[in-house]
Every structure is written in C-alpha cells, then in structure tokens.
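Step one of this worksheet: look at the structure below.
The values are calculated or read from the model by the stated rules, or taken from the named source; none is laboratory data. What you see is a predicted model; the values in this text were computed from it and never measured. Every residue, glycine as well, gets a Cβ built from its backbone with ideal geometry; the counts of neighbours run over all protein chains shown. The accessibility values were calculated without ligands, DNA or RNA, using every heavy atom of the protein model including side chains. Shrake-Rupley method; radii C 1.70, N 1.55, O 1.52, S 1.80 Å.
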Amino acid sequence: MRRRKRLDENMPLMEHISALRKVLLFAAYGIVLGTVVGWIYSDPVYRFLANPVLQIGTVDFITTTPMEPIMVKLKVSLVVGVVLALPIIFWQIWSFVLPALKQNEKKYLYMIVPSSLILFVAGLAFAFFFVIPIGLKFLLFAGGAAVDSTPLLTKSSYLTFIIRFILTFGLVFQLPVVLLLLIRIGVITPASLAKKRKYAFFGIVVVTMLISPTPDIMTQSLMVLPTYLLYEVSIWLGYIVVRNREKTLQG
C-alpha cells in the first residue's frame, strides 16, 4: 500500500485538506462504480433481502406509487455500491490515518479495524438469519386473529426496515471493540465491569429500547441477550488484555 507523506502538526493545513479530498474522491469513485455493478444485480439482491418475507408465504409485496419500483432499485444499487466499495474506502482511510500514527498506535489500529469489521458482519448475519425471521412473524401476525386480513408490504418500506434493522445489530456488536479499547488505554478495568453487571444489564435494556428498530418486546429481547453476552465476553477478554499489558510493562 502506497503511503502518503507523514501527516503531523507541521504539515500545512492545505496539504491536510488536499489529502483528505483525495480520500473522499477515491471513496466516491468506488461507490459510484459499485453502484453501477449494484444496478445490474439489484433484482437478485432484493430477492435475497426479501427472503425472510417470501419464506412466510402469506405476505404480499405491493407498490403504491409509479416511482417506487425504480427508487427501490436505485436504493438497492446504492447499498450494494457502498458494500462493494468498502475495501477501497478502508484502504483510503488507512492510507490517510496510518502515516500520522506512532508505531504502537498503528498496532492497535491493526487489531481494532479487522475485529470491528468481523463483529459488524456477525451482527448483520445474526439479525438477518435469526432475528428478522422470528421478528417478522410476530410483527405481522400478532393480533391477526381478531379479523381476517392479508399482510401487505410495500417494497420501499420493507427495504428501509431491513436496512435499519441489520445496521442496528451491526453497530450493537461493536460493544466488545469499544470496551476492550477502553480497557487497553486504562479508562476502565475488567474488574469494574464485572462489579457493575447489574447496572450494565439495566443500561443495555434501556439503550435497546431506544435504538431498537421495532417497539415489540420479542425483538428487543433478541437484541438484549446477545448484547449482554458480548458484555460478558468483553470482561473475559479484558482480563487477557490487562495480563498481556502487564507482561509487556514488566518485560
């Protein structure tokens, strides 16, 4: 990877702005190119995203405006474009940030970025393959016995719902990265996290209620449980981080 000249406090402001402009420009080129590819494959991508609904079998998709089909296709193309452009975006961000970091700071970044990406993808997969199929059945049919009805979903509203849903879980799964980083720099300790389990659980419940894409208890429960599990995993990994840090200091 070609690295830019080291960015430091002595570097002129205009050179910082010029370097940042190149980062944003190349990222934009990547998104545009990815969106073109996304346009070609937008129909199968939407079918994949709609699979949780199609598996139910009794829910129909509808369009309510003449512009809705083309707008949905554009939105799917843009989402695919961003996903395909992520390697370019990450490469540009790294090439901008890395020269300004010290060697020990680079070491943290090398660990944080891959871990964050893996957890983000894990959150997306957990939401799409596990939570959404359960949540949709509950949301669409809870109380449906009162009168006979046929659930109908617009293609646009479903796309917005599922993107918001899986992104929320992707962000929630960043919890271990945040906690371990705070432990590594000494802001918090694993022991303090362990002592505050009750408060942490209460906080997770409150935050989940605020950021949950749906207001139903079932979906919120499916978000609370893995989030708290990640909190416990963070404590366990935190002890390992502290132990390794102490060995490094002693060495």
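Here are the numbers:
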{"quantity": "Test: residue in the stretch 65-74 that is over 16 Å from T160 (Cα atoms) and charged (D, E, K, R)", "calculated": "no"}
{"quantity": "Some residue of the stretch 169-178 being open to solvent by 50 Å² or more (accessible area, probe 1.4 Å) and under 30 Å from R47 (Cβ atoms)", "calculated": "yes"}
{"quantity": "Residue list for the stretch 21-59, restricted to those being open to solvent by 40 Å² or more (accessible area, probe 1.4 Å), in contact (Cβ under 8 Å) with a residue 60 or more places away in the chain and within 30 Å of P151 (Cβ to Cβ)", "calculated": "Q55, T58"}
{"quantity": "Residue within the stretch 92-109 that is assigned to a helix (DSSP H, G or I) and at pLDDT 85 or above present", "calculated": "no"}
{"quantity": "Selected residue [touching a residue at least 12 places away in the same chain (Cβ under 8 Å), in a helix (DSSP H, G or I) and not aromatic (F, W, Y)] from S77, S18", "calculated": "S77"}
{"quantity": "Wholly enclosed helices (runs of 4 or more DSSP H) of the stretch 151-225 bearing at least 3 residues modelled with pLDDT of 90 or more and polar (S, T, N, Q)", "calculated": "155-172"}
{"quantity": "Evaluation of G135 against (1) open to solvent by less than 80 Å² (accessible area, probe 1.4 Å); (2) modelled with pLDDT of 90 or more (one fails), failing number", "calculated": "(2)"}
{"quantity": "Members of the stretch 174-219 that are touching a residue at least 60 places away in the same chain (Cβ under 8 Å), more than 21 Å from F130 (Cα to Cα) and of a type outside the set (V, I, T)", "calculated": "L180, L181, R184"}
{"quantity": "Residues of the stretch 110-132 that turn out to be among the β-branched types (V, I, T) and surrounded by 18 or more Cβ atoms within 10 Å (Cβ to Cβ), as a count", "calculated": "2"}
{"quantity": "Search result, residues across the stretch 40-74 that are touching a strand residue (DSSP E or B) at 6+ places or on another chain (Cβ under 8 Å) and either in a loop (DSSP other than H, G, I, E, B) or small (G, A, S) (or both)", "calculated": "A50, V59, T63, T64"}
{"quantity": "Meets criteria (open to solvent by 30 Å² or more (accessible area, probe 1.4 Å), among the β-branched types (V, I, T) and over 24 Å from the mean Cα position of the chain (by Cα)) for T160", "calculated": "no"}
{"quantity": "Failed criterion for S192 (all others in (1) loosely packed, with under 15 Cβ neighbours inside 10 Å; (2) touching a helix residue (DSSP H, G or I) at 6+ places or on another chain (Cβ under 8 Å); (3) polar (S, T, N, Q) hold)", "calculated": "(2)"}
